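> Next up is a structure, given as structure tokens.
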Amino acid sequence: MAEIFKKSYRFAYLSSLYITVLLTLVLSVFLYAQSLFNPFFVVGFIIGCYLICFLIIQYRVEKFIYRRVRKIYDDIEMLGVDTIGGGPVTTDMKTLIKEVEKFAQQRKTEIETLKVREAYRKEFMGNVSHELKTPLFTVQGYILTLLDGAMHDKNILDKYLNRASKGVERLIYIVNDLDMITKLEVGDLNLNYTNFDIVELVQSVFDLYEMKAAKKNIALTFDMNYEQPILVHADKERIQQVLSNLVVNSIKYGKEDGTTEVSIEDLIRNKAIVRVTDNGEGIAQAHIPRLFERFYRVDKSGSRKEGGSGLGLAIVKHIIEAHHERIYVESDYRVGSEFSFTLEKVKKFPVVDVSTKTTKPSKGI
């Protein structure tokens, strides 16, 4: 914890020197006045006086410092009592002050970290309660209305039961997302790695959300025509979830008659980077550092008109990090956003055509 202290003799030998010089001068003047001055006696006195003063001062200083330093260490819990009691304590105050200042700075940092975590915990609990109580109160309201007699009207019964069912579905959606994030954080969610064509997977996500994009007349497109498959090594189901979340977000917050574009580029070290770009409303720079937090919303108005659990980007981040990859975000407010993440490419290996004994490259990047 603390550095190994060594004894300091500076105070003792300087104090002994001053006392010896002073006493020697007084003794020399006295002997000279009495006509008893003897150089050999004076030299012996100097040596004896210095040694005696040094030993007494050093001993007393160590005892004095020991008691107080030990109490300081016990109070601030920097070191155990056994550590100090096993050897001499330093008389170097600079070393002690340095160590105490270091301890104080560490405690200050810990306190600030705890304050940040406490603020995050309060915000997180508030967001969870807000997300859960909205569908809960909705379901409760419809059921109470039915119990008060509305169930006897078949039209109202069907309509309210359908609305209550949607509220329950939203609750299940939120709980499932929370369960997935928890599993990702503790490492309980096993990834099933396979080789698959990322271009084909992106196209399947486009097909899945084509109708949703059509409602806002948003075009889902590639940046170019990918004629050859691009093989990557990852969990296909989880990467599809990542792409789905990013594409759905771009549709939700994209502008009318806008575009959601996906590009796939090569990187060094057998990596590919997938970019999802839109020309929507964009994100202010102040929100970007917290964008992947659970339930964090850029829109603080509390509106939930776009739906969702508020966990989509948090799930995206955890899935990508579970693959030991990186995710990036770039955005200009009122211009658009780009989310990108890396994946491991499948290396190309030559395939031997046995019938012709010739070698041809396999499909891949």
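The values are calculated or read from the model by the stated rules, or taken from the named source; none is laboratory data. Predicted model only: the values in this text are computed from it and were never measured. Cβ coordinates were reconstructed from backbone atoms using ideal geometry, including for glycine residues, and neighbour counts include every protein chain displayed. Note: accessible area is taken over every heavy atom of the protein model, side chains too, but ligands, DNA and RNA are not part of it. Shrake-Rupley method; radii C 1.70, N 1.55, O 1.52, S 1.80 Å.
> So, taking all protein chains as they sit and a 1.4 Å probe, how much accessible area belongs to F292, in Å² rounded to tens?
Looks like 40 Å² after rounding.
> Which order do H233, H318 take by accessible area at a 1.4 Å probe, largest first?
From most accessible down to least: H233, H318.
> Still on this model: If a/c stays under 1.5 just call it rounded; otherwise compare a/b with b/c (prolate if a/b is bigger, oblate if not). Do that for region 158-227, with a ≥ b ≥ c from the square roots of the Cα gyration tensor eigenvalues.
Judged from the Cα gyration tensor, region 158-227 comes out oblate (a/c at least 1.5, b/c at or above a/b).
> By accessible area of protein heavy atoms, probe 1.4 Å, what ranking do M125, M180, M211 get, highest first?
The ordering from most to least exposed comes out as M211, M125, M180.
> On a 1.4 Å probe surface of the protein chains, which of F40, F206 comes out largest in accessible area, and what is the full order? Before the final figure, lay out each step's value.
Details: F40 175, F206 10 Å².
The ordering from most to least exposed comes out as F40, F206.
> Oh, and also: Dipole of region 89-228, Cα-centred, from +1 at each Lys and Arg C-beta and -1 at each Asp and Glu C-beta, to the nearest 20 debye?
In total the dipole reaches around 760 debye.
> Starting from the Cα gyration tensor of region 115-238, take the square roots of the eigenvalues, sort them a ≥ b ≥ c, and report rounded, prolate or oblate (rounded when a/c is under 1.5, otherwise prolate if a/b is larger than b/c, else oblate).
Oblate.
> If you don't mind, another one. State whether region 179-271 is rounded, prolate or oblate according to the following rule on the C-alpha gyration tensor (a ≥ b ≥ c being the square roots of its eigenvalues): a/c under 1.5 gives rounded; otherwise a/b larger than b/c gives prolate, and the remaining case gives oblate.
It is oblate, given that a/c is not under 1.5 and a/b is not larger than b/c.
> Toward the positive end of the charge dipole of region 156-259, about the Cα centre and with charges on Cβ (Lys, Arg +1; Asp, Glu -1), which of L171, V202, L189 goes farthest?
Final value for the positive-end residue is L171.
> For K98 and D158 in one chain, what is 0.36 nm times their gap in residues minus the Cα-Cα distance, to one decimal in nm? All intermediate terms of the calculation are to be shown ahead of the outcome.
Details: separation 60, 0.36 × 60 = 21.60 nm, distance 7.45 nm.
Answer, rounded to one decimal: 14.2 nm.
> Hey, another quick one. Under the Karplus relation 6.51 cos²θ - 1.76 cosθ + 1.60, θ = phi - 60°, what is the ordered set of whole-Hz ³J(HN,Hα) values for region 174-189, x standing for Gly and Pro?
5, 5, 4, 5, 5, 4, 5, 4, 4, 5, 5, 5, 8, x, 8, 8
> Then there is this: Note down the net charge around I315, summing +1 for each Lys or Arg and -1 for each Asp or Glu among other residues with Cβ under 14 Å from its Cβ.
Residues close to I315 contribute a combined charge of -3.
> While we're looking at this one, here's another question. So how much accessible area does T182 have, in Å² to the nearest 10, using a 1.4 Å probe?
Surface accessible to solvent at T182 totals approximately 70 Å².
> Could you give P(r) for region 250-299, binned at 10 Å from zero, as whole percent values over all Cα-Cα pairs?
Bins of 10 Å from zero give 21, 37, 34, 8 percent of pairs.
> Once R0 is set to 56 Å, what does the formula 1/(1 + (r/R0)^6) return for the Cβ-Cβ distance between L114 and L22, expressed as a FRET efficiency to the nearest 0.05?
Details: r = 55 Å, r/R0 = 0.98.
E(calc), rounded to 0.05, equals 0.50.
> Follow-up. Given a 1.4 Å probe and the protein chains all in place, what does the accessible area of F222 round to, in Å² to the nearest 10?
40
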